[in-house]
Structures are given as C-alpha cells and as structure tokens.
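Structure record follows, encoded as structure tokens.
Only the coordinates and a few stated rules stand behind these numbers; no lab work does. If you're wondering where the values come from, they're calculated on a predicted model, not measured in any experiment.
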C-alpha cells in the first residue's frame, strides 16, 4: 500500500485533473483542426475566385481580339474593293487609250 508521501505525484482526485487537462488539450486540438479546415476552405474559395476572375479576363480579352480582327478584316475588305475598282478603272483607261491609239 502506498501513501501520499511515498508517491507525491499522485493527488487524490488527480485523475480528474489529468482528464480535464487531456480534455482541454483535445479541445484545443479540435479547435486548431477546425481553424486549419476553415483556413484551407478560405484559401480554396480564394483560389476559385482568382480562377474565375482570370477566366473572365481571358474571355474579355478573347472578345476584344475577335472584335479587332473583325474590324481589321472589314478595313481590309474595303481597301481591297477600292483597289480592285481603281485597277479596273486603270485597265479601262489603258484599253481606251490603246483603242484610240490603234484607230
């Protein structure tokens, strides 16, 4: 049989205190785990938001590029039409001069 003097680290009711300390430690660990999960969730949400913003930016850029290409194609078409008209007029003038010269 042991007495309190022989084993001073055993305190009557100490197992309750130890249990409370363990419970407190477990509660702290659970709180840390919840915080880590919440932080990870927030980071994932932030990453998703950044990906969505990046996708929207790329979409807007693609739309602007498509508009610019369409505008350039229209300008090129108009320029080509005018060039073709001028070329046709020059050919007609040259043909008229050739006809007059040949007469």
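List of remarks:
- Cα gyration tensor shape for the range 15-63, rounded if a/c is under 1.5, else prolate or oblate: prolate
- Gyration tensor (alpha-carbon) shape descriptor, the range 11-103, a/c threshold 1.5: prolate
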